[in-house]
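**Q** Sharing a structure, written as C-alpha cells. Questions coming.
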Amino acid sequence: MHKLANRLDHFSDSVIRRMTRIANQYQAINLSQGLPMKFMSIWFMHHINIFI
C-alpha cells in the first residue's frame, strides 16, 4: 500500500469505512450505508412494520 502525503495524517477513517472493513473481515453483510435492496422483500417489510 502506498504512503499518503504527510498533510493527510490528521484525517482518520470514516465510520462507514471502518464498518466496511469489519464486515469484510467477518464476511458479513455490510449495512453501514443502508440496507441492500435484495433484502427489501414483502416478508421483511411486514416484520419491520410490526416493530414500528
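The values are calculated or read from the model by the stated rules, or taken from the named source; none is laboratory data. Nothing here was measured: the structure is a model prediction, and the numbers come from that model. Every residue, glycine among them, receives a Cβ derived from its backbone with ideal geometry; neighbour counts consider all protein chains shown.
**Q** ILE48 versus (1) at pLDDT 75 or above; (2) surrounded by 10 or more Cβ atoms within 10 Å (Cβ to Cβ): which is the lone unmet condition?
**A** (1)
**Q** Which ones in the stretch 6-28 are surrounded by 10 or more Cβ atoms within 10 Å (Cβ to Cβ) and either of a type in the set (A, V, I, L, M) or part of a loop (DSSP other than H, G, I, E, B) (or both)?
**A** ASP13, SER14, ILE16, MET19, ILE22, ALA23, ALA28, listed by residue number.
**Q** While we're on this one: Taking the residues in the stretch 15-45 that are in contact with a helix residue (DSSP H, G or I) (Cβ under 9 Å, 6 or more places away or on another chain) and of a type in the set (Gly, Ala, Ser) as candidates, determine which candidate is modelled with the highest pLDDT.
**A** ALA28
**Q** A follow-up question, please. What pairs can you find where one residue is in the stretch 4-24 and closer than 15 Å to GLY34 by Cα, the other is surrounded by 11 or more Cβ atoms within 10 Å (Cβ to Cβ) and modelled with pLDDT under 85, and their Cβ atoms are less than 6 Å apart, with a gap of 6+ or different chains?
**A** Here the result reads ILE16/SER32; MET19/SER32; THR20/ASN30; THR20/SER32; ALA23/ASN30, each pair linking the stretch 4-24 to a residue that is surrounded by 11 or more Cβ atoms within 10 Å (Cβ to Cβ) and modelled with pLDDT under 85.
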